[in-house]
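The values are calculated or read from the model by the stated rules, or taken from the named source; none is laboratory data. These figures come from a predicted structure and were not determined experimentally. Note that we place each Cβ from the backbone using ideal geometry, even for glycine, and neighbour counts take in every protein chain shown. Heads up: the accessible areas ignore ligands, DNA and RNA and are worked out on the full protein's heavy atoms, side chains in. Shrake-Rupley method; radii C 1.70, N 1.55, O 1.52, S 1.80 Å.
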Protein chains: 2
Amino acid sequence: MEKKVKLSILCELYGKLLTKKQYEFLNDYYNNDLSLSEIAENNNITRQAVRDNIKKGEKKLFEYEEKLLFMKRMFNQEKTIQKVLSELAKIQKDSSDKKVTSILESIKKELNCLV
Amino acid sequence: MEKKVKLSILCELYGKLLTKKQYEFLNDYYNNDLSLSEIAENNNITRQAVRDNIKKGEKKLFEYEEKLLFMKRMFNQEKTIQKVLSELAKIQKDSSDKKVTSILESIKKELNCLV
């Protein structure tokens, strides 16, 4: 997975464990697509100070994931649910029973909320 | 939910963010059902020192959950999956199609791995 996507997810999962500044800078950089220079200007600090904060934040996010594995679990879960959804589609394709179709639709909605 | 069950789950989720000692004492107390006195004796320290470590660890676990909400998310997910499983049971009950039954069995296995 691309580093940017990974850090955006990690920031979403563990961002509340970072300092306010680290979270803001990482969020601006990875989710709001601001450049280091733009973040520096907005916060009236040097580009290097922004980079240092981001680097520290990234390091912490990777450490949290190494210990807690929530991103990994989330991906495994999503894989399982996608597999289940494709199995359900097989049943739906072959079924002409309206009751079954309606139950399957409701199940699909429920499962899609989990991914 | 009973405090003991809650702390056992929180310990499982966030235990790796505690100090080694905090984790060991909480795990002994909440998962291995050891008393404070037994843990104190095993570690050659006072009962009060064990209690202090456990209290600190509990506080940290609750703080992590307050910030990250992984236990809450896990419970919501389990609720959804239980609901889906009961919907699937309705289809299975009414179906005599062997192919459908076999797909449903496989889906149930997949989903049960998530709860």
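Pick out the one residue from A:Leu61, A:Leu36, A:Leu68 that is within 11 Å of chain B (Cβ to nearest Cβ) and open to solvent by less than 40 Å² (accessible area, probe 1.4 Å). Exactly one residue qualifies, and that residue is A:Leu68. Of the residues making up the range A:74-86, one or more are hydroxyl-bearing (Ser, Thr, Tyr), surrounded by 13 or more Cβ atoms within 10 Å (Cβ to Cβ) and either outside the structural domain of A:Asp28 (by TED's automatic domain parsing) or at pLDDT below 95 (or both). Residues that are touching a helix residue (DSSP H, G or I) at 6+ places or on another chain (Cβ under 7 Å) and not in a helix (DSSP H, G or I): does the range B:27-40 have at least one? Yes, the range B:27-40 contains a residue that is touching a helix residue (DSSP H, G or I) at 6+ places or on another chain (Cβ under 7 Å) and not in a helix (DSSP H, G or I). State which residue is surrounded by the fewest Cβ atoms within 10 Å (Cβ to Cβ) when the search covers only the range B:92-115 and only residues that are of a type in the set (Asp, Glu) and within 9 Å of chain A (Cβ to nearest Cβ). The qualifying residue surrounded by the fewest Cβ atoms within 10 Å (Cβ to Cβ) is B:Asp94.
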